[in-house]
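The values are calculated or read from the model by the stated rules, or taken from the named source; none is laboratory data. This structure is a prediction, so every number in the text was calculated from the model and none was measured. All Cβ positions, even for glycine, are placed from backbone atoms using ideal geometry, and neighbour counts span all protein chains on display.
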Amino acid sequence: MGGFEFEKINISLGLLIFSLFIISMIFIQERLYKNYMEDIFIDLSDMLGTIIDMKNKVVFSTMDDTIFSKLQYQTIKLTNILTEKNKRIENDRNEIKSLISDIAHQLKTPITNLKMYGEFLQDESLSNEERKEFNEIIMMSLDRLSFLVESMIKMSRLESGVINLIPQLNDLNGTVLLAISQVQKKARNKNIHIKLENIDKVETIHDINWTAEAVFNILENAVKYTPENGNIEVVVRSYEMFVRIDIEDNGIGIDEEEIPKLFSRFYRGKNVGDVEGIGIGLYLTREIVSKQGGYIKINHKKVGSSFSMFLPINKIEYMDDKVISISDDKQN
(Lines give C-alpha, C1' and ligand atoms only; values in the text may rest on other atoms or scores of the structure.)
Protein backbone atom coordinates (compact mmCIF):
# COMPACT_ATOMS: atom_id res chain seq x y z
CA MET A 1 0.00 0.00 0.00
CA GLY A 2 2.86 2.36 0.83
CA GLY A 3 4.27 2.17 -2.69
CA PHE A 4 0.86 2.82 -4.21
CA GLU A 5 0.29 5.88 -2.02
CA PHE A 6 3.72 7.17 -2.87
CA GLU A 7 3.02 6.78 -6.58
CA LYS A 8 -0.26 8.65 -6.24
CA ILE A 9 1.55 11.49 -4.48
CA ASN A 10 4.13 11.66 -7.27
CA ILE A 11 1.38 11.75 -9.90
CA SER A 12 -0.44 14.49 -8.02
CA LEU A 13 2.74 16.51 -7.66
CA GLY A 14 3.46 16.02 -11.35
CA LEU A 15 -0.01 17.19 -12.32
CA LEU A 16 0.30 20.15 -9.97
CA ILE A 17 3.68 21.11 -11.39
CA PHE A 18 2.39 20.70 -14.95
CA SER A 19 -0.69 22.78 -14.14
CA LEU A 20 1.49 25.48 -12.59
CA PHE A 21 3.68 25.40 -15.68
CA ILE A 22 0.68 25.76 -18.01
CA ILE A 23 -0.76 28.58 -15.90
CA SER A 24 2.64 30.29 -15.82
CA MET A 25 2.98 29.97 -19.59
CA ILE A 26 -0.52 31.36 -20.11
CA PHE A 27 0.26 34.24 -17.74
CA ILE A 28 3.59 34.92 -19.46
CA GLN A 29 1.91 34.72 -22.87
CA GLU A 30 -0.80 37.12 -21.77
CA ARG A 31 1.82 39.53 -20.44
CA LEU A 32 3.86 39.24 -23.63
CA TYR A 33 0.74 39.71 -25.79
CA LYS A 34 -0.35 42.64 -23.67
CA ASN A 35 3.09 44.23 -23.97
CA TYR A 36 3.10 43.52 -27.71
CA MET A 37 -0.32 45.12 -28.18
CA GLU A 38 0.72 48.08 -26.06
CA ASP A 39 3.77 48.54 -28.28
CA ILE A 40 1.59 48.21 -31.39
CA PHE A 41 -0.86 50.82 -30.09
CA ILE A 42 2.03 53.13 -29.23
CA ASP A 43 3.43 52.68 -32.74
CA LEU A 44 0.00 53.25 -34.26
CA SER A 45 -0.37 56.36 -32.14
CA ASP A 46 3.03 57.56 -33.39
CA MET A 47 1.98 56.83 -36.96
CA LEU A 48 -1.24 58.82 -36.52
CA GLY A 49 0.90 61.60 -35.09
CA THR A 50 2.99 61.63 -38.28
CA ILE A 51 -0.23 62.03 -40.29
CA ILE A 52 -1.38 64.92 -38.13
CA ASP A 53 2.07 66.56 -38.29
CA MET A 54 2.38 65.72 -42.03
CA LYS A 55 5.73 63.99 -41.51
CA ASN A 56 7.30 60.91 -43.15
CA LYS A 57 8.53 59.21 -39.97
CA VAL A 58 8.99 55.42 -40.33
CA VAL A 59 7.49 53.61 -37.35
CA PHE A 60 7.19 50.01 -38.56
CA SER A 61 10.11 48.27 -40.25
CA THR A 62 9.87 48.39 -44.04
CA MET A 63 11.60 45.00 -44.16
CA ASP A 64 8.62 43.25 -42.55
CA ASP A 65 5.77 42.22 -44.79
CA THR A 66 3.04 42.89 -42.23
CA ILE A 67 -0.31 44.64 -42.30
CA PHE A 68 1.20 47.46 -40.24
CA SER A 69 4.15 48.04 -42.60
CA LYS A 70 1.73 48.09 -45.55
CA LEU A 71 -0.53 50.50 -43.70
CA GLN A 72 2.50 52.66 -42.92
CA TYR A 73 3.52 52.71 -46.61
CA GLN A 74 0.05 53.87 -47.67
CA THR A 75 0.05 56.44 -44.86
CA ILE A 76 3.38 57.92 -45.96
CA LYS A 77 2.18 57.97 -49.56
CA LEU A 78 -1.00 59.79 -48.50
CA THR A 79 1.02 62.21 -46.36
CA ASN A 80 3.24 63.09 -49.33
CA ILE A 81 0.20 63.71 -51.54
CA LEU A 82 -1.46 65.91 -48.92
CA THR A 83 1.77 67.79 -48.28
CA GLU A 84 2.24 68.58 -51.97
CA LYS A 85 -1.41 69.56 -52.30
CA ASN A 86 -1.16 71.89 -49.29
CA LYS A 87 1.95 73.47 -50.79
CA ARG A 88 0.13 74.11 -54.09
CA ILE A 89 -2.87 75.55 -52.28
CA GLU A 90 -0.65 77.80 -50.17
CA ASN A 91 1.28 78.96 -53.24
CA ASP A 92 -1.96 79.66 -55.10
CA ARG A 93 -3.32 81.63 -52.15
CA ASN A 94 -0.15 83.68 -51.91
CA GLU A 95 -0.24 84.39 -55.64
CA ILE A 96 -3.89 85.41 -55.46
CA LYS A 97 -3.30 87.65 -52.45
CA SER A 98 -0.32 89.24 -54.18
CA LEU A 99 -2.28 89.85 -57.38
CA ILE A 100 -5.28 91.27 -55.53
CA SER A 101 -2.98 93.58 -53.59
CA ASP A 102 -1.28 94.67 -56.81
CA ILE A 103 -4.60 95.27 -58.58
CA ALA A 104 -5.94 97.22 -55.61
CA HIS A 105 -2.83 99.40 -55.70
CA GLN A 106 -3.25 99.96 -59.46
CA LEU A 107 -6.83 101.15 -58.93
CA LYS A 108 -5.51 104.38 -57.42
CA THR A 109 -4.13 105.75 -60.72
CA PRO A 110 -7.31 105.62 -62.86
CA ILE A 111 -9.45 106.84 -59.95
CA THR A 112 -7.10 109.77 -59.39
CA ASN A 113 -7.11 110.60 -63.12
CA LEU A 114 -10.92 110.47 -63.27
CA LYS A 115 -11.21 112.84 -60.33
CA MET A 116 -8.50 115.23 -61.54
CA TYR A 117 -9.51 115.48 -65.21
CA GLY A 118 -13.19 115.57 -64.26
CA GLU A 119 -12.41 118.70 -62.26
CA PHE A 120 -10.39 120.13 -65.17
CA LEU A 121 -13.41 119.79 -67.44
CA GLN A 122 -15.36 122.08 -65.13
CA ASP A 123 -13.18 124.97 -66.36
CA GLU A 124 -15.26 126.82 -68.98
CA SER A 125 -12.17 128.51 -70.43
CA LEU A 126 -10.80 125.22 -71.84
CA SER A 127 -10.33 125.00 -75.59
CA ASN A 128 -12.00 122.28 -77.67
CA GLU A 129 -8.63 120.57 -78.16
CA GLU A 130 -8.03 120.49 -74.40
CA ARG A 131 -11.50 119.12 -73.72
CA LYS A 132 -10.98 116.44 -76.33
CA GLU A 133 -7.61 115.50 -74.81
CA PHE A 134 -9.04 115.35 -71.26
CA ASN A 135 -12.03 113.30 -72.43
CA GLU A 136 -9.66 110.80 -74.06
CA ILE A 137 -7.67 110.51 -70.83
CA ILE A 138 -10.91 109.96 -68.87
CA MET A 139 -12.03 107.23 -71.33
CA MET A 140 -8.63 105.52 -71.05
CA SER A 141 -8.86 105.68 -67.26
CA LEU A 142 -12.39 104.21 -67.36
CA ASP A 143 -11.20 101.35 -69.58
CA ARG A 144 -8.32 100.72 -67.18
CA LEU A 145 -10.66 100.87 -64.19
CA SER A 146 -13.09 98.49 -65.89
CA PHE A 147 -10.31 95.99 -66.58
CA LEU A 148 -9.05 96.12 -62.99
CA VAL A 149 -12.54 95.70 -61.51
CA GLU A 150 -13.28 92.75 -63.82
CA SER A 151 -9.96 91.22 -62.80
CA MET A 152 -10.83 91.66 -59.11
CA ILE A 153 -14.18 89.93 -59.66
CA LYS A 154 -12.55 86.99 -61.42
CA MET A 155 -9.88 86.76 -58.74
CA SER A 156 -12.53 86.64 -56.02
CA ARG A 157 -14.28 83.81 -57.86
CA LEU A 158 -11.00 82.00 -58.21
CA GLU A 159 -10.09 82.50 -54.53
CA SER A 160 -13.46 81.24 -53.30
CA GLY A 161 -13.17 78.19 -55.54
CA VAL A 162 -16.95 78.05 -55.78
CA ILE A 163 -18.82 77.93 -59.08
CA ASN A 164 -22.49 77.52 -58.26
CA LEU A 165 -24.18 76.15 -61.35
CA ILE A 166 -27.92 76.37 -61.92
CA PRO A 167 -28.44 74.13 -64.96
CA GLN A 168 -31.72 74.61 -66.80
CA LEU A 169 -33.11 73.85 -70.25
CA ASN A 170 -32.10 76.86 -72.35
CA ASP A 171 -31.30 77.86 -75.93
CA LEU A 172 -27.51 77.61 -76.22
CA ASN A 173 -27.45 80.06 -79.13
CA GLY A 174 -29.01 82.66 -76.86
CA THR A 175 -26.30 82.04 -74.27
CA VAL A 176 -23.59 82.51 -76.91
CA LEU A 177 -25.28 85.73 -78.08
CA LEU A 178 -25.24 86.96 -74.48
CA ALA A 179 -21.47 86.43 -74.33
CA ILE A 180 -20.99 88.20 -77.67
CA SER A 181 -23.02 91.20 -76.51
CA GLN A 182 -20.77 91.54 -73.45
CA VAL A 183 -17.62 91.80 -75.60
CA GLN A 184 -19.14 93.71 -78.52
CA LYS A 185 -18.08 97.16 -77.30
CA LYS A 186 -14.42 96.17 -77.03
CA ALA A 187 -14.61 94.63 -80.49
CA ARG A 188 -16.14 97.79 -82.00
CA ASN A 189 -13.37 99.92 -80.47
CA LYS A 190 -10.87 97.90 -82.53
CA ASN A 191 -13.19 97.58 -85.54
CA ILE A 192 -13.24 93.80 -85.11
CA HIS A 193 -16.18 91.99 -86.69
CA ILE A 194 -17.72 89.11 -84.72
CA LYS A 195 -19.80 86.72 -86.83
CA LEU A 196 -22.12 84.13 -85.27
CA GLU A 197 -23.01 81.28 -87.59
CA ASN A 198 -26.03 79.40 -86.27
CA ILE A 199 -25.55 76.14 -88.11
CA ASP A 200 -27.72 74.38 -85.52
CA LYS A 201 -30.11 75.71 -82.93
CA VAL A 202 -30.12 73.50 -79.88
CA GLU A 203 -31.73 73.49 -76.47
CA THR A 204 -29.59 71.91 -73.82
CA ILE A 205 -29.36 71.89 -70.04
CA HIS A 206 -26.71 74.39 -68.96
CA ASP A 207 -26.18 77.35 -66.67
CA ILE A 208 -26.75 80.48 -68.77
CA ASN A 209 -24.63 82.95 -66.80
CA TRP A 210 -21.63 80.71 -66.15
CA THR A 211 -21.63 79.28 -69.68
CA ALA A 212 -21.83 82.81 -71.08
CA GLU A 213 -18.86 83.66 -68.82
CA ALA A 214 -16.88 80.74 -70.28
CA VAL A 215 -17.60 81.81 -73.88
CA PHE A 216 -16.95 85.47 -72.98
CA ASN A 217 -13.46 84.68 -71.65
CA ILE A 218 -12.44 83.09 -74.95
CA LEU A 219 -14.02 85.91 -76.97
CA GLU A 220 -12.35 88.55 -74.82
CA ASN A 221 -8.95 86.96 -75.45
CA ALA A 222 -9.74 86.84 -79.16
CA VAL A 223 -10.50 90.58 -79.17
CA LYS A 224 -7.39 91.36 -77.10
CA TYR A 225 -4.99 89.48 -79.33
CA THR A 226 -6.55 90.24 -82.72
CA PRO A 227 -5.31 93.40 -84.48
CA GLU A 228 -7.66 96.16 -85.61
CA ASN A 229 -10.02 95.35 -88.50
CA GLY A 230 -9.76 91.66 -87.63
CA ASN A 231 -12.44 88.96 -87.65
CA ILE A 232 -13.81 86.51 -85.10
CA GLU A 233 -16.10 83.69 -86.17
CA VAL A 234 -18.33 81.76 -83.77
CA VAL A 235 -20.04 78.56 -84.94
CA VAL A 236 -22.51 76.40 -83.00
CA ARG A 237 -22.87 72.80 -84.21
CA SER A 238 -25.04 70.03 -82.79
CA TYR A 239 -24.06 66.36 -82.83
CA GLU A 240 -25.63 63.20 -81.47
CA MET A 241 -23.85 63.25 -78.11
CA PHE A 242 -22.71 66.84 -77.69
CA VAL A 243 -22.91 70.41 -78.93
CA ARG A 244 -19.77 72.16 -80.16
CA ILE A 245 -18.97 75.88 -80.01
CA ASP A 246 -16.06 76.93 -82.23
CA ILE A 247 -14.42 80.34 -81.72
CA GLU A 248 -11.82 81.27 -84.31
CA ASP A 249 -9.87 84.51 -84.87
CA ASN A 250 -7.09 85.83 -87.09
CA GLY A 251 -5.01 87.27 -84.26
CA ILE A 252 -1.43 86.71 -83.09
CA GLY A 253 -1.97 82.96 -82.66
CA ILE A 254 -0.62 80.46 -80.13
CA ASP A 255 2.70 78.63 -80.21
CA GLU A 256 2.10 74.89 -80.33
CA GLU A 257 4.39 74.17 -77.35
CA GLU A 258 2.35 76.57 -75.20
CA ILE A 259 -1.02 74.89 -75.79
CA PRO A 260 -0.78 72.46 -72.79
CA LYS A 261 -0.05 75.41 -70.45
CA LEU A 262 -2.79 77.82 -71.54
CA PHE A 263 -5.42 76.55 -69.10
CA SER A 264 -3.06 76.80 -66.11
CA ARG A 265 -3.65 79.41 -63.44
CA PHE A 266 -1.93 82.75 -64.08
CA TYR A 267 -0.25 81.53 -67.28
CA ARG A 268 0.14 84.02 -70.12
CA GLY A 269 1.60 83.30 -73.54
CA LYS A 270 5.06 84.53 -74.44
CA ASN A 271 3.84 86.59 -77.41
CA VAL A 272 1.11 88.59 -75.62
CA GLY A 273 3.37 91.63 -75.35
CA ASP A 274 2.01 94.49 -73.24
CA VAL A 275 -1.64 93.44 -73.61
CA GLU A 276 -3.34 93.59 -70.22
CA GLY A 277 -4.24 90.34 -68.51
CA ILE A 278 -3.66 88.22 -65.42
CA GLY A 279 -3.96 84.72 -66.89
CA ILE A 280 -7.09 83.31 -65.23
CA GLY A 281 -9.78 83.62 -67.92
CA LEU A 282 -9.07 80.32 -69.67
CA TYR A 283 -8.58 78.56 -66.33
CA LEU A 284 -12.06 79.67 -65.23
CA THR A 285 -13.49 78.69 -68.60
CA ARG A 286 -12.20 75.15 -68.31
CA GLU A 287 -13.54 74.87 -64.74
CA ILE A 288 -16.99 76.04 -65.82
CA VAL A 289 -17.14 73.71 -68.81
CA SER A 290 -15.78 70.65 -66.99
CA LYS A 291 -18.27 71.10 -64.14
CA GLN A 292 -21.02 70.77 -66.76
CA GLY A 293 -19.56 67.54 -68.13
CA GLY A 294 -17.80 69.14 -71.09
CA TYR A 295 -14.27 69.91 -72.22
CA ILE A 296 -12.25 72.37 -74.33
CA LYS A 297 -9.55 71.84 -76.90
CA ILE A 298 -7.30 74.20 -78.83
CA ASN A 299 -6.90 73.61 -82.55
CA HIS A 300 -3.42 74.67 -83.64
CA LYS A 301 -3.26 76.80 -86.79
CA LYS A 302 -0.61 78.91 -88.51
CA VAL A 303 -2.54 82.18 -88.24
CA GLY A 304 -4.79 83.16 -85.33
CA SER A 305 -6.26 80.81 -82.75
CA SER A 306 -9.15 78.36 -82.66
CA PHE A 307 -10.96 77.06 -79.57
CA SER A 308 -13.60 74.34 -79.50
CA MET A 309 -15.91 74.00 -76.52
CA PHE A 310 -17.87 70.76 -76.12
CA LEU A 311 -20.95 70.45 -73.90
CA PRO A 312 -23.05 67.30 -73.48
CA ILE A 313 -26.34 67.45 -75.31
CA ASN A 314 -29.58 66.22 -73.75
CA LYS A 315 -32.28 64.15 -75.34
CA ILE A 316 -35.59 65.99 -75.11
CA GLU A 317 -38.89 64.28 -75.72
CA TYR A 318 -42.02 66.29 -76.51
CA MET A 319 -45.70 65.45 -76.32
CA ASP A 320 -48.27 68.06 -77.36
CA ASP A 321 -45.48 70.68 -77.43
CA LYS A 322 -44.59 69.94 -73.82
CA VAL A 323 -41.35 68.49 -72.49
CA ILE A 324 -42.08 65.09 -70.98
CA SER A 325 -38.52 63.82 -70.32
CA ILE A 326 -34.95 65.01 -70.39
CA SER A 327 -32.06 62.55 -70.25
CA ASP A 328 -28.32 63.09 -70.31
CA ASP A 329 -26.66 60.94 -72.96
CA LYS A 330 -23.65 60.49 -70.72
CA GLN A 331 -25.78 58.57 -68.26
CA ASN A 332 -27.43 56.31 -70.88
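Yes or no, residue by residue, for (1) at pLDDT below 90; (2) over 21 Å from LYS154 (Cβ atoms); (3) among the β-branched types (Val, Ile, Thr); (4) in a loop (DSSP other than H, G, I, E, B):
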| position | (1), (2), (3), (4) |
| --- | --- |
| LYS186 | yes, no, no, no |
| THR204 | yes, yes, yes, no |
| VAL243 | no, yes, yes, no |
| GLU248 | no, yes, no, no |
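Sort through SER146, SER181 and tell me the only one that's at pLDDT below 85, part of a helix (DSSP H, G or I), under 25 Å from THR211 (Cα atoms) and among the polar types (S, T, N, Q). One residue alone meets the criteria, SER146. If you go through the stretch 191-202 and keep only what is part of a loop (DSSP other than H, G, I, E, B) and touching a helix residue (DSSP H, G or I) at 6+ places or on another chain (Cβ under 7 Å), you end up with ILE192, LYS201, VAL202. Based on this model, can you work out whether ILE51 counts as exposed (fewer than 10 other Cβ atoms within 10 Å of the Cβ), β-branched (Val, Ile, Thr) and at pLDDT below 70? No; evaluated as a whole, the condition is false for this residue.
Condition check for LEU284 on (1) modelled with pLDDT under 85; (2) touching a Pro at 6+ places or on another chain (Cβ under 7 Å): one failure, at (2). Here the stretch 235-251 is the region considered, the condition is being of a type in the set (A, V, I, L, M) and closer than 17 Å to LEU282 by Cα, and the residue that is surrounded by the most Cβ atoms within 10 Å (Cβ to Cβ) is ILE245. Pairs linking a residue in the stretch 83-102 that is over 19 Å from LEU148 (Cα atoms) and modelled with pLDDT of 75 or more to a residue that is hydrophobic (A, V, I, L, M, F, W, C) and not in a helix (DSSP H, G or I), with Cβ atoms under 9 Å and 6 or more positions apart or on different chains, are THR83/MET54; ASN86/MET54. Given the criteria assigned to a helix (DSSP H, G or I), of a type in the set (Gly, Ala, Ser) and at pLDDT 70 or above, does SER125 qualify? So SER125 does not fit the description; no. Between ILE218, ILE194, ILE208, the distinction of being within 28 Å of the chain's Cα centre (by Cα), crowded, with 18+ Cβ neighbours inside 10 Å and within 19 Å of THR285 (Cβ to Cβ) belongs to ILE218 only.
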